[in-house]
Amino acid sequence: MEIIKNSTFKNVETEKIVKEQVSSIIEDIKINKDEALKKYNMKFDNNNREVIRVSKEEIEEAYKQVDDKFIENLKVAAANIESFAKAQKESFDNNFEKEIYPGVILGQKHIPVNSCLAYVPGGGYPLFSTALMLIIPAKVAGVKRVVACSPTMKDVAKINPKTLVAMDIAGADEIYATGGVQAIAAFTYGTESIKPVDIIVGPGNKYVTEAKRQCYGTVGIDFVAGPSEVLIIADETANSTYIAADVLAQCEHDLNARGILLTTNRKFAKEVEKKVEEMLEVLPTKNIAKPSWDNNGEIILVDDLKEAVELSNEYAPEHLEINVKNNEGIIEDLVNYGSLFIGGYSAEVFGDYVSGTNHTLPTLKASRYTGGVWVGTFIKTCTHQVLNKEAIKSLAPVAVELATDEGLHAHANAARVRLENK
């Protein structure tokens, strides 16, 4: 292994001051509810709205502010996301009951959560695609109340019209013009105007991420996400222009985004590095993509594909692209990734917008233990059991002895009384 281009990226823990600021806002929302929510909306987003919930008239107005082609494109993406989500939902059509011991019938049911919040970031880019990725799987899962929120544009105190249209096309039941820590807290604990939800999903800045972390337990979350990342495994048969473009597509997300190339060919590595620099010269988002690439980008020359697989599994990237002559020998060995893109035409950008898989994915090595947002994010697998007298006769003595061995005598008695009075 040889480092062709090194990275100075460091996964620094959330600063103490961020934790304290977030905690303070959450406590304020818990105590002062709408009053605090409106205060922070104004402080952070210049959002002076008295009515936080978006009206039907606002949604209709947003449609008039976007062109027909945009709406058409959104519907193409939405249809693919919905089709894939429905295919995922089919994997849950396996509720069952089974007699696993004489007189003991066990079973499981898949139950959608009752409500969820789709948090759609604002910030530098209006991430309207995220609205589709969060709301549609929740609707397909059968969530009864799907709520969406997003920070407002600072000049008009309204959600970006493209984001608002996307939320509506995706099928949100309620939409609120609020964001940041205050929104996470409000939908966790509730206010006079906001009813709390059961789970919050969606990406955000470090403050939103820390708010989700601190609210977890009272509310469910998808996962705690960090900067976006792509890792690409390529050999000399790959198209260096494609790879350079994909690296920069990742780098333009933000200053902490990561683009990583693992390749078996030195000449190819140098080609990609050169093309990245050439593309940067004319890239409109160079002010973000260049420092991101300079500081966080990596190119590593590996001895063979086996070493590439080992490194990839260690990185556990959010997005993993495979572009080699023979990928059949390595795909089964790749086990840590948020989403996998196979072949030169399967660029991450398609997963981000239109192919149908979800783009809300685990980062910072979280793919070692979780996948991305999907229909299952919004579904609980719950068990049940039915025991008859036959089961009590044979299992109650076992339960009595095991409970007694643990020193839990009331437990033992709960089994004993059924044995004695059956």
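The values are calculated or read from the model by the stated rules, or taken from the named source; none is laboratory data. Quantities reported herein were computed from a predicted structural model and do not represent experimental measurements. Using ideal geometry, Cβ is built from the backbone for each residue, glycine included, and neighbour counts are taken over all protein chains shown.
Here no strands (runs of 3 or more DSSP E) wholly within segment 162-248 include at least 2 residues being without any contact (Cβ under 8 Å) to a residue 60 or more places away in the chain.
Only one of the listed residues (311, 255, 320) is surrounded by 17 or more Cβ atoms within 10 Å (Cβ to Cβ) and in the same structural domain as residue 331 (by TED's automatic domain parsing). That residue is 320.
Here residue 230 meets the list (1) β-branched (Val, Ile, Thr); (2) over 16 Å from residue 377 (Cα atoms); (3) out of contact with any strand residue (DSSP E or B) (no Cβ under 7 Å at 6 or more places or on another chain) almost entirely, failing just condition (3). Of note, residue 204 satisfies the criterion of being in contact with a Lys or Arg (Cβ under 8 Å, 6 or more places away or on another chain) and either surrounded by fewer than 17 Cβ atoms within 10 Å (Cβ to Cβ) or closer than 25 Å to residue 159 by Cβ (or both).
Residues are listed down the side, and each one gets a yes or a no for (1) of a type in the set (Asp, Glu); (2) surrounded by 19 or more Cβ atoms within 10 Å (Cβ to Cβ); (3) in the same structural domain as residue 393 (by TED's automatic domain parsing); (4) in contact with a Gly (Cβ under 8 Å, 6 or more places away or on another chain):
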position	(1), (2), (3), (4)
102	no, no, no, no
105	no, no, no, no
111	no, no, no, no
118	no, yes, no, yes
125	no, no, no, no
131	no, yes, no, no
138	no, yes, no, no
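Would a scan of segment 215-231 turn up a residue that is under 29 Å from the mean Cα position of the chain (by Cα), over 27 Å from residue 119 (Cα atoms) and either outside the structural domain of residue 197 (by TED's automatic domain parsing) or crowded, with 21+ Cβ neighbours inside 10 Å (or both)? Before you say what the answer is, go through the steps one by one.
The initial filter retains those residues of segment 215-231 that are under 29 Å from the mean Cα position of the chain (by Cα), namely 215-231.
Cutting the leftovers down to over 27 Å from residue 119 (Cα atoms) gives us none.
No - not one qualifying residue is present in segment 215-231.
Can you tell me which residue within segment 32-62, out of those that are among the hydrophobic types (A, V, I, L, M, F, W, C) and closer than 15 Å to residue 184 by Cβ, is surrounded by the fewest Cβ atoms within 10 Å (Cβ to Cβ)? Step by step, filter segment 32-62, then rank; the result is 44.
Residue-by-condition table, conditions (1) of a type in the set (A, V, I, L, M); (2) modelled with pLDDT of 95 or more; (3) under 19 Å from residue 172 (Cβ atoms):
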{"position": "53", "(1), (2), (3)": "no, yes, yes"}
{"position": "65", "(1), (2), (3)": "no, yes, yes"}
{"position": "74", "(1), (2), (3)": "yes, yes, yes"}
{"position": "85", "(1), (2), (3)": "yes, yes, yes"}
{"position": "93", "(1), (2), (3)": "no, no, no"}
{"position": "104", "(1), (2), (3)": "yes, yes, no"}
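Return yes or no: is residue 366 of a type in the set (A, V, I, L, M) and either free of Cβ contacts under 8 Å to residues at least 24 places away in the same chain or surrounded by 21 or more Cβ atoms within 10 Å (Cβ to Cβ) (or both)?
On the way: of a type in the set (A, V, I, L, M): yes; either free of Cβ contacts under 8 Å to residues at least 24 places away in the same chain or surrounded by 21 or more Cβ atoms within 10 Å (Cβ to Cβ) (or both): no.
Spelling it out, it is not the case that residue 366 is of a type in the set (A, V, I, L, M) and either free of Cβ contacts under 8 Å to residues at least 24 places away in the same chain or surrounded by 21 or more Cβ atoms within 10 Å (Cβ to Cβ) (or both).
I need a count of the residues in segment 10-49 that are assigned to a helix (DSSP H, G or I) and either touching a residue at least 60 places away in the same chain (Cβ under 8 Å) or not hydrophobic (A, V, I, L, M, F, W, C) (or both). Qualifying residue count for the region: 26. With the condition kept exactly as written, say whether any residue in segment 327-335 is surrounded by 14 or more Cβ atoms within 10 Å (Cβ to Cβ), under 24 Å from residue 261 (Cα atoms) and in contact (Cβ under 8 Å) with a residue 40 or more places away in the chain. Yes, segment 327-335 contains a residue that is surrounded by 14 or more Cβ atoms within 10 Å (Cβ to Cβ), under 24 Å from residue 261 (Cα atoms) and in contact (Cβ under 8 Å) with a residue 40 or more places away in the chain. Can you find a residue in segment 74-83 that is charged (D, E, K, R) and farther than 27 Å from residue 380 by Cβ? For segment 74-83, residues charged (D, E, K, R) and farther than 27 Å from residue 380 by Cβ: present.
Which one of 211, 238 is surrounded by 22 or more Cβ atoms within 10 Å (Cβ to Cβ), out of contact with any Pro (no Cβ under 9 Å at 6 or more places or on another chain) and more than 24 Å from residue 346 (Cβ to Cβ)?
Working: 238 fails: more than 24 Å from residue 346 (Cβ to Cβ).
Going through 211, 238 in turn, the sole match is 211.
For segment 85-121, a residue qualifies if it is closer than 26 Å to residue 145 by Cα and small (Gly, Ala, Ser), and the qualifying residues are 85, 87, 91, 115, 118.
Scan segment 394-403 and tell me whether some residue there is in contact (Cβ under 8 Å) with a residue 24 or more places away in the chain and either under 30 Å from residue 338 (Cα atoms) or not small (Gly, Ala, Ser) (or both). Yes: segment 394-403 contains one or more residues that are in contact (Cβ under 8 Å) with a residue 24 or more places away in the chain and either under 30 Å from residue 338 (Cα atoms) or not small (Gly, Ala, Ser) (or both).
Can you say whether residue 296 is in contact (Cβ under 8 Å) with a residue 60 or more places away in the chain, in contact with a Phe, Trp or Tyr (Cβ under 9 Å, 6 or more places away or on another chain) and farther than 30 Å from residue 85 by Cα, as far as the supplied structure shows? Talk me through it step by step, then tell me what you get.
Working: in contact (Cβ under 8 Å) with a residue 60 or more places away in the chain: yes; in contact with a Phe, Trp or Tyr (Cβ under 9 Å, 6 or more places away or on another chain): yes; farther than 30 Å from residue 85 by Cα: yes.
Considered against the rule, which asks whether it is in contact (Cβ under 8 Å) with a residue 60 or more places away in the chain, in contact with a Phe, Trp or Tyr (Cβ under 9 Å, 6 or more places away or on another chain) and farther than 30 Å from residue 85 by Cα, residue 296 comes out as yes.
Filtering segment 295-309 to residues that are charged (D, E, K, R) and under 21 Å from residue 10 (Cα atoms) leaves only 298.
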